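Heads up, the thing below is written out as structure tokens.
The values are calculated or read from the model by the stated rules, or taken from the named source; none is laboratory data. Computed from a prediction, not measured in an experiment: that's the story for all the values here. Don't worry about glycine lacking a Cβ; one is built from the backbone with ideal geometry, like all the others, and counts go over all protein chains shown. Heavy atoms of the whole protein, side chains included, go into the accessibility calculation; ligands, DNA and RNA do not. Shrake-Rupley method; radii C 1.70, N 1.55, O 1.52, S 1.80 Å.
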Amino acid sequence: MRTFEPLEEDILIIVDEWEAAETPEAEEFLSMLVDGLHIRFVITTRERPEWFVPRLEVYGEGLEIGVDELTMTDDEAAEVLSAAGAVAGRARVMRTAAGWPAVLGLAAMSGEVDFTSDRLVSHTLYEFLASELVASAEPETREALMLLAVASVVELERAKQLLGDGGEAALADASARGLLAITERSALFFHPLLRDLLIQRFSEVDDETRSHLLTRCRRLFEFRLWDEALSVGELSLDPVFVADAIGVALDDLLAAGRTSSLERWVMSARAAHAKGPLVSFAESEFLLRRGEFDAAVAIATQAAQDLDGDIAARADLLAARAAHLGNRPGVRDRHLAQAEENAKKHETKADLLWLKVAAAAASEDAGTEPLFDQLEKLPRGGFDHSLRVATGHIHLGLLVGRLTERLEEAEARIAALDKATDPYAQSSVLNLYASALIAAGRYGEGLAAVEKELSLAEEYGFEFVVCYGFANKTWALAGLRRLPEARRALTVLERCLSSSPDPFVECQRSIYAATLHIAEGDLERASNTLMSGQDPRAGVTQRGEHRALHALVLAALGRGREAEHYADAARHCSRGVETRALLAGASAVESIHKGNRKQALEAYEEIATLGVWNALVVAWRACPDLAAVLMEDSERRERMLPLLIGANDRDIARRAGVPIPREARPRGVLSAREREVHELIAQGLTNDEIAKLLYISLSTTKVHVKHIFEKLGVRSRIEAARLWDNERD
């Protein structure tokens, strides 16, 4: 530009896509013009010029308008589209355009006002993107962009791994042309509309090009980029690619443990009609975690038949585990025998021995201890193996005895639970550990283990674990006398069972519901509840506990002959410590009714030796006079007091003549305001009177009363008042 006239300030010079100049000379020239001419400039560039320093903005000489300012708001986008009559599907095109003015403007001008069809990109927009953006790039860049879009790569390092040699040049070219943005944190960003276009182009390429692209995508296997490989599988629906990907990714997928990811792989394989034993293996693992045990057994069996060596043993182990959880011991043992024939690796042999210990314990087999000794003597296998040894200790504690000692052995290993990598082993030990803690009368610790178990089940999608977790939760809350919460947990458990019936858990439901009714003081209802849940598939241990508890309830009801019938059935069914402890509790209750104090004390000593203190809590709740007899001796009183406090059985302690000291009572259950309301309830005031006295609304008062009832485990104002009186004594 050459002129001999002074330039006026209202002159505007527009420089578009300045970054294309790419030379220091051009940069210096533009800097000289901006600095020397007192006119206005509008410069569009993807890179900030070095001469554009903060001083220019501070003194109002320059203004930087970034992507955020240029992006249209939803209101602005809606106004643009509405002006052209684009109403149908407007929300969808707005979401896809992500505020990009050019896309929204072309959408409004295209004449296609219905964007609800599956073809997201209209012909006009497609041509714009293809001709103005993608077509101008180098062929290598276009191919690289398509690979990145199909694999859903969002990190720079992973992009380089996928693209290999020449990847950096392609990424630089794409960035320079505005097809791809790379943030300061090395994240990649495609505009959604551009990604859709690239994926659409991938679906339209010829077979030779498609095969070439999928071959390049196999680089994802080398770097274990399974999420990206899954994206390729879902979009390509290529059966060979999907089957091969599952084959190489299987160990990592199972180690990660998350059912949602495994489900996507299985769904992708089904959609692509991918076949092969490893695909079947993955599907059976998914079904196991969903709680579909019989289907898991069937598919894992087929996979085992089509595989060889150690991987065949693993498929048989999977079938055995599903059969074990599905309460099919014959099927389980057959697959265990087949797995033993093929197991080669140390890890597989350790898994096999662990399941054999669990199977022997469930059957109350005399060979459980020797099997556990073998498991414990295996070479160190990391934290996962340590958890399995912990599980073995608890199994033996519940089967043979010395529960307290076995729990101590297990707890030294369970402390490292979070360091383990096998979520299945973690959930197994948590479930058994929670049961053992509750059986030992350590209800609060048991509840904490249950909450961790349920959290793990949610994280990894172990649907079948939820039923087990809520069974234990009902039991723990009943033990703590948090009865409203126990009823809610029982309701959740019953819903689980209605959708996924399980004889084992159904038997537990019957036992723990009866335990809840005993805590409520409703022995008749407890007896009626125990008339169900006796399915033979529940297992000998559960059936023994079920009958022993029924014997205890009937003894408390004074129906001694019936109680003895159930006690005999329990003895013939199970030799587990919980069954034996409940039978001792039944004997103690019967002895109290007959006035045989010596026999009652002998029954107490048997429970103490077994370490199953929950049986004693259930017994004194069914027959409060038992606690009075046991409390007569100072040594027993000292031993029982922590259990009474932990079980929140203040009324029973008071009835036995041993009120719980104020310092030992649980604190912090009620808030300060709730304690005020509780005191006024005890004084006999109505909700309306309490509201007026405390200057709070009636609705707020009702909420406080509801929370007080729930936290104290009471159903009426009379019960709440009685608890307040107990606190004052």
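In table form, for the structure just shown:
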item: Residue check for L417: closer than 19 Å to R580 by Cβ, among the hydrophobic types (A, V, I, L, M, F, W, C) and in contact (Cβ under 8 Å) with a residue 12 or more places away in the chain; result: no
item: Residue within the range 123-134 that is open to solvent by less than 70 Å² (accessible area, probe 1.4 Å), modelled with pLDDT of 65 or more and within 21 Å of H212 (Cβ to Cβ) present; result: yes
item: Number of positions in the range 430-483 that are farther than 19 Å from N648 by Cα and β-branched (V, I, T); result: 3
item: Output for the range 326-341, where each listed residue is open to solvent by less than 20 Å² (accessible area, probe 1.4 Å) and part of a helix (DSSP H, G or I); result: R332, H335, L336, A339
item: Top-ranked residue in the range 309-325 [being surrounded by fewer than 24 Cβ atoms within 10 Å (Cβ to Cβ) and not aliphatic (A, V, I, L, M); ranked as nearest to Y424 (Cα to Cα)]; result: H324
item: Filter result (open to solvent by 30 Å² or more (accessible area, probe 1.4 Å) and assigned to a helix (DSSP H, G or I)) within the range 281-308; result: E283, D294, A295, A298, I299, T301, Q302, Q305, D306
item: Search result, residues across the range 689-710 that are open to solvent by 40 Å² or more (accessible area, probe 1.4 Å), part of a helix (DSSP H, G or I) and without any contact (Cβ under 8 Å) to a residue 12 or more places away in the chain; result: E689, K692, L698, S699, T700, V703, K706
item: Considering residues of the range 228-286 that are β-branched (V, I, T) and over 25 Å from R321 (Cα atoms) only, the residue farthest from the chain's Cα centre (by Cα); result: V240
item: Which numbered condition P642 misses (of (1) more than 44 Å from the chain's Cα centre (by Cα); (2) open to solvent by 50 Å² or more (accessible area, probe 1.4 Å); (3) at negative phi); result: (1)
item: Cβ-Cβ under 6 Å pairs, at least 6 apart or on other chains, the range 576-599 side within 30 Å of E369 (Cβ to Cβ) and aliphatic (A, V, I, L, M), far side part of a helix (DSSP H, G or I) and open to solvent by 20 Å² or more (accessible area, probe 1.4 Å); result: V577/L398; A584/E606
item: Unique residue being among the hydrophobic types (A, V, I, L, M, F, W, C), surrounded by fewer than 16 Cβ atoms within 10 Å (Cβ to Cβ) and out of contact with any Asp or Glu (no Cβ under 6 Å at 6 or more places or on another chain) when the list is L371, L378, L387, L353; result: L378
item: Tally of residues being modelled with pLDDT of 80 or more and either part of a loop (DSSP other than H, G, I, E, B) or within 13 Å of S231 (Cβ to Cβ) (or both) across the range 250-266; result: 2
item: In the range 136-158, residue most open to solvent (accessible area, probe 1.4 Å) [restricted to those that are free of Cβ contacts under 8 Å to residues at least 40 places away in the same chain and either β-branched (V, I, T) or closer than 19 Å to R210 by Cα (or both)]; result: E140
item: Hits in the range 408-458 - residues which are farther than 26 Å from I645 by Cβ, assigned to a helix (DSSP H, G or I) and acidic (D, E); result: E409, D418, E458
item: Conditions (1) at pLDDT 90 or above; (2) assigned to a helix (DSSP H, G or I); (3) open to solvent by 30 Å² or more (accessible area, probe 1.4 Å); number of the one not met by K344; result: (2)
item: Residues of the range 579-623 classified as open to solvent by less than 30 Å² (accessible area, probe 1.4 Å) and of a type outside the set (A, V, I, L, M, F, W, C), total; result: 7
item: Residue count, the range 26-64 (criterion: part of a loop (DSSP other than H, G, I, E, B) and either touching a residue at least 12 places away in the same chain (Cβ under 8 Å) or over 53 Å from the mean Cα position of the chain (by Cα) (or both)); result: 16
